[in-house]
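*Asks:* Quick one: the structure is below, and I'll ask about it shortly.
The values are calculated or read from the model by the stated rules, or taken from the named source; none is laboratory data. Remember, predicted model here, so these are calculated numbers, not experimental data. All Cβ positions, glycine included, derive from the backbone under ideal geometry; neighbour counts span all protein chains shown. The accessibility values were calculated without ligands, DNA or RNA, using every heavy atom of the protein model including side chains. Shrake-Rupley method; radii C 1.70, N 1.55, O 1.52, S 1.80 Å.
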2 protein chains.
Amino acid sequence: MSVRIGVIGLGLIGGSLLRALHANGHDATGYDADPTTRLAATSAGLRVAHTLDHWRADVTVLAVPLPALPAVLDGLGDYDGLLTDVVSVKRPVRDLLAGRRYVGGHPMTGKESSGFAHSDADLFGHQVWALCLEGDTDLGDWLDLARLFTGLGARVVPVGADAHDAAVAAVSHVPHLLAGALVHAATDPLQRTLAAGSYRDGTRVAVTRPELVAAMAGGNADAVREALDRVLDSLREARAALDGPDPQAAVRDWFTPAWHTRRAWPVRPGPAQTVVVDRTALLALGAEGGWVHTVEDDRHITVMRPQLRVP
Amino acid sequence: MSVRIGVIGLGLIGGSLLRALHANGHDATGYDADPTTRLAATSAGLRVAHTLDHWRADVTVLAVPLPALPAVLDGLGDYDGLLTDVVSVKRPVRDLLAGRRYVGGHPMTGKESSGFAHSDADLFGHQVWALCLEGDTDLGDWLDLARLFTGLGARVVPVGADAHDAAVAAVSHVPHLLAGALVHAATDPLQRTLAAGSYRDGTRVAVTRPELVAAMAGGNADAVREALDRVLDSLREARAALDGPDPQAAVRDWFTPAWHTRRAWPVRPGPAQTVVVDRTALLALGAEGGWVHTVEDDRHITVMRPQLRVP
């Protein structure tokens with residue numbers, strides 16, 4: 001491949017991506033505003049640019065947080081290659097990059113630790129990479145990125161920015177709020193000493209830096225509100241179950257469907273199918289929980305959907 | 001030690017306890033109503049009784065679920081030794097065993113998997129074992145059990161049944177309800193495919209068997225209601241933060257205290273102190289999040305409290 005790929009921002013995600021691209025033989029160059037991070041990446045054997053001036057790349061992955069994006073775009077001047085990003089909320093980035101040649105992305109992976117020091121070339125294998133397909137997205141650009149990310153082992157899920165933001169509100173942003181509320185509601189010393197496994201896991205993401213939680217939940221406020229209201233409705237049902245004449249039976253009935261649903265997660269891949277690329281079919285694939293496994297050529301992709309459970 | 005210890009019920013907790021007692025050289029005998037489990041325990045080199053008739057033990061640990069307790073007590077006939085249990089809610093057991101020589105217990109440890117096959121002699125090391133100290137508890141009996149469990153590496157926390165049930169409602173039972181609600185609120189295929197680490201951990205205990213969740217939450221309904229209401233209050237604050245003019249700043253302000261609190265957990269042990277045994281001091285120790293580390297003799301124990309953070 002003679003495609004030149006650039007990665008701007010070498011934290012956990014950008015650093016891991018540059019490592020993965022390098023390990024897979026791509027022509028990849030990184031950049032970070034912090035000289036120490038640049039030095040660390042260079043020492044790790046990666047190619048690093050020392051300025052954004054005269055930035056040359058066919059594809060540039062913007063791997064910086066949302067608040068840092070405007071400055072990076074300024075720094076890129078009249079760069080006119082393909083842009084993608086890794087921000088966990090897609091609508092604000094779509095608005096910010098309107099008019100640019102851009103496809104939004106969001107690798108659904110990470111660690112509690114951040115920074116280049118924790119980056120890992122294997123971060124993306126078997127992990128989901130949401131890739132935004134809007135009405136005005138160039139299908140060729142979308143496929144080029146899908147080819148790149150599936151080549152690193154990722155499951156590329158086609159999705160619109162609105163649907164993405166609604167889904168991650170429920171499965172990522174609201175869990176951070178629940179973790180925070182659990183911590184807020186159990187602060188006395190006896191509780192903290194008796195707390196064990198269910199507290200540990202239920203509150204794990206409460207160690208996420210408050211700025212990140214604020215950017216996720218606050219930057220996706222409409223969708224988070226809706227998802228939080230669904231959780232609140234469900235908790236009110238649980239509350240009503242406790243209030244009834246037979247709390248044990250009522251709690252069991254309330255909980256059992258969740259038990260079934262959670263036991264069937266994570267989703268297991270069904271059989272691979274090779275299909276002709278089509279914008280409508282791609283969006284339907286994502287809505288069904290499916291993903292692109294391989295980009296075969298400009299017209300054919302191999303896809304997978306979640307395995308249906310035997311009833 | 002010539003004290004004869006019996007363990008009735010050889011599931012995960014009872015089986016692990018019998019293994020730990022055996023490994024520590026105690027005179028310990030187990031029993032399980034299921035012949036297959038008895039055989040498995042015998043094959044593991046443990047001593048197992050094949051009937052409860054003529055049960056002889058100075059201390060008997062009832063390691064069966066609450067619904068199975070009445071039948072076991074029937075089977076024990078006129079047994080008059082010391083009884084303790086491992087049920088995760090203490091008030092119903094206290095009521096059931098009223099008039100017996102009994103000290104309630106609750107080892108705060110476990111695994112997602114249950115049954116003797118998953119039992120482990122090391123399950124109790126550095127884990128909390130709540131041990132109930134009521135107004136009518138014999139202090140000598142309490143100390144004998146504290147000596148036994150601290151000898152297996154556990155941190156024995158003195159606590160009344162009411163205070164225990166209120167605390168575990170917040171740190172154990174309510175987390176199960178939150179996990180269930182998170183699952184209930186994210187069932188569509190796209191959400192399930194995009195779900196990653198924060199969903200995985202926030203919903204982990206939703207794979208707990210519904211009967212167990214019902215027994216915990218439904219069997220402790222008053223305390224769970226109170227703890228759940230505190231969580232609901234906190235989530236309504238988060239909801240209000242999302243509704244305000246600056247959701248990002250408001251979410252950050254709401255989340256930050258939880259971030260500090262969770263980063264200071266698990267509690268770190270402060271210095272050991274040897275003190276004279278006293279009922280009031282023991283309960284104060286538990287209320288401060290402290291625990292018995294060693295029982296030195298009938299009058300002296302070594303205790304630890306959570307390390308205070310440097311301000």
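*Asks:* Identify, please: which residue in the range A:194-224 is acidic (Asp, Glu) and within 7 Å of chain B (Cβ to nearest Cβ) and is, among those, least open to solvent (accessible area, probe 1.4 Å)?
*Replies:* This residue is A:Asp201.
*Asks:* Also, quick follow-up: Quick one: in the range A:134-159, which of the residues that are buried (at least 21 other Cβ atoms within 10 Å of the Cβ) and in contact with a helix residue (DSSP H, G or I) (Cβ under 7 Å, 6 or more places away or on another chain) is nearest to A:Gly290 (Cα to Cα)?
*Replies:* The selected residue is A:Val157.
*Asks:* Working only within the range A:278-290, note down all residues that are within 30 Å of B:Val205 (Cα to Cα) and touching a helix residue (DSSP H, G or I) at 6+ places or on another chain (Cβ under 7 Å).
*Replies:* A:Gly286, A:Ala287, A:Glu288, A:Gly289
*Asks:* Is it the case that A:Leu194 is modelled with pLDDT of 95 or more, hydrophobic (A, V, I, L, M, F, W, C) and over 20 Å from B:Ala185 (Cα atoms)?
*Replies:* Spelling it out, A:Leu194 is indeed modelled with pLDDT of 95 or more, hydrophobic (A, V, I, L, M, F, W, C) and over 20 Å from B:Ala185 (Cα atoms).
*Asks:* Let me ask something else about it. Name, by its number, the condition in (1) buried (at least 21 other Cβ atoms within 10 Å of the Cβ); (2) modelled with pLDDT of 95 or more that does not hold for B:Asp58.
*Replies:* Of the numbered conditions (1) buried (at least 21 other Cβ atoms within 10 Å of the Cβ); (2) modelled with pLDDT of 95 or more, the odd one out for B:Asp58 is (1).
*Asks:* Taking interchain pairs and intrachain pairs at least six residues apart, which have beta carbon atoms under 6 angstrom, with the first residue in the range A:47-68 and under 14 Å from A:Val7 (Cβ atoms) and without any contact (Cβ under 8 Å) to a residue 40 or more places away in the chain and the second assigned to a helix (DSSP H, G or I) and open to solvent by 50 Å² or more (accessible area, probe 1.4 Å)?
*Replies:* So the pair list comes out as A:Val48/A:Thr42.
*Asks:* Here's something else I'd like to know. Does any residue of the range A:269-292 turn out to be within 25 Å of B:Gly197 (Cβ to Cβ) and of a type in the set (Ser, Thr, Tyr)?
*Replies:* Scanning the range A:269-292, I find no residue that is within 25 Å of B:Gly197 (Cβ to Cβ) and of a type in the set (Ser, Thr, Tyr), so the answer is no.
*Asks:* Okay, moving on. Quick check on this structure: which one of A:Ala250, A:Ala227, A:Ala258, A:Ala241 is open to solvent by 20 Å² or more (accessible area, probe 1.4 Å), at negative phi and aliphatic (A, V, I, L, M)?
*Replies:* A:Ala250
*Asks:* Moving on. I want to confirm something. Restricting to the range A:295-311 and keeping residues that are of a type in the set (Lys, Arg) and within 14 Å of chain B (Cβ to nearest Cβ), which single residue is most open to solvent (accessible area, probe 1.4 Å)?
*Replies:* Restricting to residues being of a type in the set (Lys, Arg) and within 14 Å of chain B (Cβ to nearest Cβ), the top hit is A:Arg309.
*Asks:* Here's something else I'd like to know. Quick one: in the range A:261-275, which of the residues that are open to solvent by less than 80 Å² (accessible area, probe 1.4 Å) and not in a loop (DSSP other than H, G, I, E, B) is farthest from the other protein chains (Cβ to nearest Cβ)?
*Replies:* A:Val275
*Asks:* What residue, of A:Asp78, A:Asp32, A:Asp27, A:Asp85, is among the acidic types (Asp, Glu), outside the structural domain of A:Val168 (by TED's automatic domain parsing), out of contact with any Pro (no Cβ under 7 Å at 6 or more places or on another chain) and without any contact (Cβ under 8 Å) to a residue 12 or more places away in the chain?
*Replies:* Just one listed residue meets the conditions, A:Asp78.
*Asks:* In the list B:Asp298, B:Asp222, which residue meets the criterion of being among the acidic types (Asp, Glu), not in a helix (DSSP H, G or I) and not assigned by TED's automatic domain parsing to the domain that holds B:Pro92?
*Replies:* B:Asp298
*Asks:* Scan the range B:1-15 for residues that are buried (at least 24 other Cβ atoms within 10 Å of the Cβ) and more than 28 Å from B:Asp297 (Cβ to Cβ) and jot them down.
*Replies:* Result: B:Ile8, B:Gly9, B:Leu10, B:Ile13, B:Gly14, B:Gly15.
*Asks:* Among the residues of the range A:165-193, count how many are more than 7 Å from chain B (Cβ to nearest Cβ), in a helix (DSSP H, G or I) and open to solvent by 10 Å² or more (accessible area, probe 1.4 Å).
*Replies:* 1
*Asks:* Would you call B:Pro257 more than 19 Å from A:Ser234 (Cβ to Cβ) and part of a loop (DSSP other than H, G, I, E, B)?
*Replies:* no
*Asks:* Here's another thing I want to ask about it. Exactly one of (1) more than 7 Å from chain A (Cβ to nearest Cβ); (2) in a helix (DSSP H, G or I); (3) touching a residue at least 24 places away in the same chain (Cβ under 8 Å) is unmet by B:Pro158. Its number?
*Replies:* Unmet for B:Pro158, out of (1) more than 7 Å from chain A (Cβ to nearest Cβ); (2) in a helix (DSSP H, G or I); (3) touching a residue at least 24 places away in the same chain (Cβ under 8 Å): (2).
*Asks:* Output the residues belonging to the range B:137-162 that are under 14 Å from B:Lys90 (Cβ atoms) and out of contact with any strand residue (DSSP E or B) (no Cβ under 7 Å at 6 or more places or on another chain).
*Replies:* B:Asp162, the sole residue that qualifies.
*Asks:* Here's another thing I want to ask about it. Restrict the check to the range B:139-150 and report whether at least one residue is over 29 Å from B:Arg209 (Cβ atoms) and of a type in the set (Gly, Ala, Ser).
*Replies:* yes
*Asks:* Taking the range A:90-116 as the search range and keeping residues that are within 21 Å of A:Asp165 (Cα to Cα) and among the small types (Gly, Ala, Ser), which one is most open to solvent (accessible area, probe 1.4 Å)?
*Replies:* Per the criteria, the residue is A:Gly99.
*Asks:* Quick check, is A:Val292 outside any helix (DSSP H, G or I), open to solvent by less than 20 Å² (accessible area, probe 1.4 Å) and not basic (Lys, Arg)?
*Replies:* So A:Val292 passes the test.
*Asks:* Taking the range B:52-94 on its own, how many of its residues are under 18 Å from the mean Cα position of the chain (by Cα) and not hydrophobic (A, V, I, L, M, F, W, C)?
*Replies:* Of the residues in that region, 10 qualify.
*Asks:* Right, here's the next one. When only residues in the range A:117-133 that are open to solvent by less than 20 Å² (accessible area, probe 1.4 Å) and closer than 15 Å to A:Leu21 by Cβ count, which is farthest from the chain's Cα centre (by Cα)?
*Replies:* Only one residue tops the list, namely A:Ser119.
*Asks:* In the range A:260-277, what residues are in contact with a helix residue (DSSP H, G or I) (Cβ under 9 Å, 6 or more places away or on another chain) and within 23 Å of A:Leu133 (Cα to Cα)?
*Replies:* A:Val267, A:Val275, A:Val277
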